[in-house]
Every structure is written in structure tokens, then in C-alpha cells.
């Protein structure tokens with residue numbers, strides 16, 4: 001009778017955990033010594049990676065992909081490792097392309113101005129924006145530092161030409177200012193400030209200065225608040241691992257677990273199941289994770305893993321950026337089993353911490 005009651009109580013306890021969204025799992029009992037040997041080999045060499053204002057340890061077999069995205073305020077930043085002759089050629093070819101660009105007589109020429117950066121660091125092109133008249137243009141900076149080529153772009157508005165006099169009057173009548181009617185000067189100053197604080201780096205180099213890490217680069221803080229939305233993507237033959245840091249998000253109760261009804265419905269339609277769902281504190285960073293498994297669309301025999309984690313969701317602000325981490329093998333036939341994947345994930349997210357002197 002006692003055993004029967006204990007079994008009933010245990011069953012109710014487990015049910016309550018599942019009901020509350022705390023899925024119980026026992027990874028250790030499912031992994032063998034061979035599993036650990038395989039995973040230990042994968043983690044034999046790791047490199048710390050600086051992502052925004054966070055640091056995480058990434059196994060060397062991962063490669064950083066080229067689809068990283070960086071937005072600092074209104075500026076979009078792209079980066080690539082190249083040698084000096086290639087950068088020089090890139091600028092020359094781009095200038096020639098812009099000079100030869102076709103546009104209407106009204107909007108000609110495409111290339112309005114070339115601004116040289118100090119110390120041979122690069123140039124800024126003031127150019128037309130495709131599909132728009134030349135009152136709306138783009139500042140396009142090509143910057144070279146520490147073997148990294150950066151391309152920085154920002155949209156500008158310029159009603160200073162006499163042909164836009166009526167448009168400017170209408171614009172000002174709607175409550176906008178003279179500065180807003182021609183924001184090239186202010187955005188050019190902001191761009192030059194950003195460039196002065198930008199340096200190239202290897203992604204495994206963790207800067208000690210106060211500032212934010214971007215792919216292949218680092219931006220030193222200037223004491224002002226800036227919007228920072230930064231994405232890093234890593235890939236190997238088995239899966240893709242992505243990070244997105246966003247300091248514009250404001251913390252709320254709209255958390256991963258509070259979205260459970262919608263997520264469960266979507267999982268049901270996609271025939272996915274929960275492997276693990278936990279509340280974590282990763283080196284003091286509050287986080288929620290949800291690990292799912294289903295079947296690949298093209299290969300029904302292959303498992304598709306989708307692991308997601310959100311950090312700082314409830315408390316996010318400019319000093320505690322929202323961080324998303326995702327891992328999946330949507331189009332890859334991974335060699336790893338479910339519980340091996342969970343162990344790999346646990347080790348990666350378990351290394352998450354804030355960058356020293358990050359704030």
C-alpha cells in the first residue's frame with residue numbers, strides 16, 4: 001500500500017513538473033563512454049568568441065559564416081578579412097562602378113562626393129540610392145584596419161538642392177526641422193566617429209576595453225548610448241549555431257515560456273516534441289531554453305533538432321542586452337544522436353558569460 005501511494009505521489013509530482021513546463025530528463029543515463037569520447041574530441045580545441053557584449057566558447061570545427069549582421073544605430077556594418085592590395089582594388093573598382101552608374105539626367109551623377117578618410121584608412125562615397133531620386137542617398141564607407149575590410153552604410157536625406165525646394169517646404173510644414181531636411185552632415189559626423197572607434201580583430205580575441213564586439217571587429221564605447229543589434233552565425237557539417245544580441249529590446253513578461261501555448265501549437269502542427277525545457281542561470285545570466293526534435297522535411301528518416309535559448313528576456317535593457325541562441329540541423333544529416341546533441345548544446349551555452357569590462 002505504501003509503495004502504491006509513493007508511486008502515485010511520484011506520478012503526480014512528475015505531472016506537475018511537465019504541466020509547469022519543466023520537462024524532466026536524464027541525459028547522463030543515456031550517454032555511454034563512447035558518446036563522451038566523441039563529444040570530448042569535438043570540444044578538444046575551443047576558442048572564446050566575443051559576441052556583442054557576451055563571450056561564449058565555440059569548438060574550433062565551427063566556421064564563422066558570412067551572413068553575420070550588424071546594426072549600430074542607423075549604420076549597417078559588413079566585414080571581411082582581406083589583404084591590403086585586395087582592399088585597394090576593391091575601392092578602385094567600386095568607385096569606377098559608381099562613376100559609370102546609369103541614372104536619369106535629373107539625378108545624375110550617381111556618385112555625388114568622395115570623402116577620404118585620414119591615414120589612408122579608406123573612403124566614404126556619397127551615392128544615389130537605387131530606385132529613388134537623389135534627395136535620398138547613401139553614405140557608403142570602406143574602412144580598412146588590422147587586415148579587416150569594413151563596409152558601413154547609412155541612408156541620408158538631402159533637400160538642400162534648389163530642385164527640392166517645394167518638397168523641403170512641405171517637409172518642414174509637417175513639423176520636421178532644418179537638420180532633418182538635410183541630415184547628411186550629422187550622419188557623416190556620426191559615421192566618422194564610429195569609424196574612429198572601430199578596429200579589426202580575430203573573433204577569438206577578447207578586447208579588454210569597454211565596448212562591443214562585432215564580427216571581425218570591435219567598437220570602443222564613447223560614453224553615449226547606441227543601438228546595437230548584432231548577429232553571429234557558425235556552421236559545421238552537422239548543424240548551424242546562431243547568436244543575436246539586441247540592446248534595443250525592453251524586458252517584459254512576454255518570455256519564451258509564457259509563449260508556450262503558441263509554441264506548443266506550432267510544434268504539434270510540425271510534429272515536433274520537447275526534449276528539454278529549463279530555466280537556467282548561466283554565470284548569473286537569467287536564461288530560458290527549449291530543446292525540440294522532429295523530422296526533416298526532405299528526409300523523414302532524419303531527426304531535425306531545434307534548440308533555442310533566450311537570455312535576459314524579462315530584464316532586458318541597454319545594459320543587459322537580450323540574447324538569442326539557436327542551434328539546428330534543418331538541412332544537414334548530423335552524425336550526432338539526440339543526447340549527444342543535448343550534451344554539445346549544454347556545454348556551449350554553459351560557457352556563456354558577459355565580456356570583461358562589457359558595460
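The values are calculated or read from the model by the stated rules, or taken from the named source; none is laboratory data. Since the model is a prediction, treat every value here as computed from it, not as a measurement. Every residue, glycine as well, gets a Cβ built from its backbone with ideal geometry; the counts of neighbours run over all protein chains shown.
For this structure, a couple of remarks:
- Of the residues making up the range 169-196, those that are surrounded by fewer than 17 Cβ atoms within 10 Å (Cβ to Cβ) and either touching a strand residue (DSSP E or B) at 6+ places or on another chain (Cβ under 6 Å) or within 14 Å of residue 156 (Cβ to Cβ) (or both) are 179, 180, 185, 186, 189, 192.
- Sole residue being at pLDDT 95 or above and in the same structural domain as residue 289 (by TED's automatic domain parsing), chosen from 83, 36: 36
- Checked against the criterion of being more than 23 Å from residue 349 (Cα to Cα), in contact with a strand residue (DSSP E or B) (Cβ under 7 Å, 6 or more places away or on another chain), surrounded by fewer than 22 Cβ atoms within 10 Å (Cβ to Cβ) and touching a residue at least 24 places away in the same chain (Cβ under 8 Å), the candidates 222, 209, 246 yield just one match: 209.
- Scanning the range 85-121 for residues that are under 30 Å from residue 211 (Cα atoms) and in contact with a strand residue (DSSP E or B) (Cβ under 7 Å, 6 or more places away or on another chain) turns up 87, 90, 91, 114, 115, 116, 117, 121.
- Scan of the range 203-251 for residues that are in a loop (DSSP other than H, G, I, E, B) and under 29 Å from residue 340 (Cβ atoms), ordered by number: 203, 204, 206, 215, 236, 237, 238, 239
- Cβ-Cβ contacts under 8 Å between residues 6 or more apart (or on different chains), taken from a first residue in the range 124-136 that is touching a residue at least 40 places away in the same chain (Cβ under 8 Å) to a second residue that is assigned to a loop (DSSP other than H, G, I, E, B) and surrounded by fewer than 21 Cβ atoms within 10 Å (Cβ to Cβ), are listed as 124/117.
- Against the list (1) within 26 Å of residue 30 (Cβ to Cβ); (2) free of Cβ contacts under 8 Å to residues at least 40 places away in the same chain; (3) in a loop (DSSP other than H, G, I, E, B), the condition residue 264 fails is (3).
- Within the range 48-65, restricting attention to residues that are surrounded by fewer than 18 Cβ atoms within 10 Å (Cβ to Cβ) and modelled with pLDDT of 95 or more, the residue that is nearest to residue 345 (Cα to Cα) is 57.
- Filter result (more than 15 Å from the chain's Cα centre (by Cα) and either within 21 Å of residue 139 (Cβ to Cβ) or surrounded by 16 or more Cβ atoms within 10 Å (Cβ to Cβ) (or both)) within the range 66-86: 74, 80
- Some residue of the range 309-318 being touching a residue at least 12 places away in the same chain (Cβ under 8 Å) and farther than 20 Å from residue 254 by Cβ: no
- For the range 185-202, the set of residues classified as within 21 Å of residue 318 (Cβ to Cβ), part of a helix (DSSP H, G or I) and free of Cβ contacts under 8 Å to residues at least 40 places away in the same chain consists of 193 only.
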